[in-house]
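Q: Mind having a look at this structure? Questions to follow.
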Amino acid sequence: MDPFKPLPRSFYKPSAREVAPELLGHWLLRRTARGLIGGPIVETEAYLVGDPACHGAPGPTARNQVMFGPPGYAYVYLIYGFHFCVNAVCCPPGTAEAVLIRAVEAEFGLAELQRHRQAIDQRSLTNGPGKLCEAMRIDRGLNGADLCDADSSLVIARNPGVSAFRRARGPVITTARIGITKGADLPLRFCLGQSEYVSRRIASSRPSAGELKPPRITNRN
């Protein structure tokens, strides 16, 4: 039995705006025949109710139905017909919000991650949402995976040293989201500024009047 303990479902019940920065430093883990692979989360984006960039905005569809279910499940989708992205569903059933996992540090099962994805260096294995899904073999087959079940093929596990990890990789940087056109100015991207695995370096945003303000990290773990 492995020592990793998934975050509880209650962790995901608040808005994705609160959950996204709280996930930084915890472990995204994929169970394989050769053991667990993955690493600490260092970059996330929140997608909210009323957010035009959120996949739940049009209402329930065959593609996004997991977002309208209970919190703590994986929502996996395909973009550009080639790359997969993995999200953690937030909020009570019927409210479609999720956190996109944009980058993790390649820490567990490095040889397996390298076997799955050819990269010029270790950093390039998992420093982007499509890259980490390729390296961790996350695809639509894991859509709906229970992130809170220790026996699940995909979990987000509590890092007992999350506070120290955040201090070492911090500060937490808040910016606008990347690669979208709708709601592109909202400060809903969160990353650990000293992590080499952050997908893109851009200036931190300062929410002006009327914009959504990011939450303060409370170490809810």
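FYI, it's all coordinate maths here, none of it is from the lab. Quick caveat, the model's predicted, so the values are computed rather than measured. Don't worry about glycine lacking a Cβ; one is built from the backbone with ideal geometry, like all the others, and counts go over all protein chains shown.
Q: Give the label of the value calculated from the structure for Cα extents along the principal axes in Å, choosing from [x] 48, 37, 34; [y] 91, 34, 21; [z] 45, 39, 34.
A: Derived directly from the coordinates: [x].
Q: Once you place label points 7 Å from the Cα toward the Cβ at Val49 and Ala111, how far apart are they in nm?
A: Taking the simple label geometry, Val49 and Ala111 are separated by 4.9 nm.
Q: Okay, next question. Packing-wise, with mean Cβ within 10 Å as the measure, how do 4-10, 85-91 rank, highest first?
A: With the highest mean Cβ count within 10 Å placed first, the list reads 85-91, 4-10.
Q: Report the extension gain between Thr61 and Asp139 in nm, rounded to one decimal, defined as 0.36 nm multiplied by the number of residues separating them, less their alpha carbon distance.
A: Full extension from Thr61 to Asp139 adds 26.2 nm.
Q: Still on this structure, please answer the following. Between Phe82 and Ile178, what is 0.36 nm times their sequence separation minus the Cα-Cα distance? Round to one decimal in nm.
A: 32.7 nm
Q: In what sequence do Asp185, Asp146 fall when counting other Cβ within 10 Å, fewest first?
A: Ascending Cβ contact count within 10 Å gives the list Asp185, Asp146.
Q: Shifting gears a bit: Quick check on packing: order 46-53, 166-173 by the mean number of other C-beta atoms within 10 Å, highest mean leading.
A: 46-53, 166-173
Q: If you stretched the chain out fully between Ile120 and Lys13, how much longer would it get, using 0.36 nm times the residue separation minus the C-alpha to C-alpha distance?
A: 34.7 nm
Q: Order of Lys13, Lys131 from fewest to most other C-beta atoms within 10 Å?
A: Taking fewest neighbouring Cβ atoms as first place, the list is Lys13, Lys131.
Q: List the aspartates and glutamates whose Cα lies under 14 Å from the Cα of Lys5, skipping any in the same chain that are fewer than 8 positions away.
A: Asp146, Asp149, Asp151
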